[in-house]
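A short write-up of the structure that comes next.
Please treat every number below as a calculation from the coordinates, not as lab data. Quick caveat, the model's predicted, so the values are computed rather than measured. Counting neighbours? That spans all protein chains shown, and the Cβs are built from the backbone with ideal geometry, glycine included.
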Amino acid sequence: MALYEHVFLARQDLAQAQVDALAEAATKIVEDNQGKVVKTETWGLRSLAYRIAKNRKAHYVMLEIDAPAGVVAELERQTQINEDVIRYMTVKVEEHEQGPSVMMRKGDRERSRRRDRDDSGFGGSGE
């Protein structure tokens with residue numbers, strides 16, 4: 001079986017529960033066709049570089065998939081039909097990344113930088 005990364009962007013006006021339901025639906029499609037979803041990451045609501053279908057932001061979700069090629073075709077067909085998904089992309093990879101993806105590590109770095117800045121004593125505490 002081949003390894004894939006499938007990323008989709010859901011409309012900004014969806015609740016997080018609806019985005020999770022979209023990810024579960026994609027997982028079900030893969031598993032119904034003898035594939036398996038190795039990892040699911042929700043990257044959250046992020047700004048888009050340009051407007052897509054009147055959306056300035058989108059919920060990003062990535063699925064790491066281990067499945068035959070026909071599964072990807074069915075997953076993309078179902079994703080294309082869904083009105084809540086504004087963009088998607090599936091890429092074949094040699095191996096899945098261990099641990100959190102680059103997007104998740106980026107958020108951790110930004111949080112630690114903010115924490116370091118707040119702990120430096122140069123915040124506007126008014127002392």
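For a protection proxy built on the mean count of beta-carbon atoms within 10 angstrom, sort 23-33, 2-12, 47-57 highest first, please. Walk me through the numbers before you get to the answer.
Working: 23-33: 16.2, 2-12: 19.8, 47-57: 10.6.
Peptide ranking by packing, descending: 2-12, 23-33, 47-57.
Can you work out ³J(HN,Hα) from phi for every residue in region 57-74, in order, using Karplus 6.51 cos²θ - 1.76 cosθ + 1.60 and θ = phi - 60°, giving whole Hz and x for Gly and Pro?
Once rounded to whole Hz, the list reads 9, 7, 7, 9, 9, 10, 10, 9, 10, 10, 7, x, 4, x, 5, 4, 4, 5.
Can you run phi through the Karplus equation (6.51, -1.76, 1.60; θ = phi - 60°) for region 2-8 and list ³J(HN,Hα) in whole Hz, with x for Gly and Pro?
9, 9, 9, 10, 10, 10, 10
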